[in-house]
1. Any chance you could run the full-extension gain for HIS45 through ILE58? It's 0.36 nm times the residue separation minus the Cα-Cα distance, nm to one decimal.
2. What does the net charge come to around LEU29 if you take all other residues with beta carbon closer than 15 Å to its beta carbon, with K and R at +1 and D and E at -1?
Amino acid sequence: MNIPLSKSSASLSVASVVPDDIASLEKFLDAGPFDYVDVAIQEAHAQALRKWPLLAEIAAWRNAGERGSE
C-alpha cells in the first residue's frame, strides 16, 4: 500500500531519519570520539597549493613559523 506524501512531509521525514554518519559510526563502534580525516578536503587543499604557487609559499611560510615556535 503506497501512502502519498506531500513534498514537505517527505523531506521532513528524510531529514529526521538520516543521522550524522560520524556520530552513528561512533555509537555503533562504541569506541568514543575518534579523529576523522576528510581525504577529499586534503586533496582539494593539495590541488589548490599546486594551482596557486603564492598560496603554497604562504602555507610553507606559515608551517615554518609553527615549527619554529615549538
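The numbers here are math on the coordinates, done by the rules we state, and not lab data. Computed from a predicted structure; not experimentally measured. Note: ideal-geometry Cβ built from the backbone for every residue, glycine included; neighbour counts use all protein chains shown.
1. Numbers: separation 13, 0.36 × 13 = 4.68 nm, distance 1.30 nm.
Answer, rounded to one decimal: 3.4 nm.
2. That sum, taken over residues with Cβ under 15 Å, equals -4.
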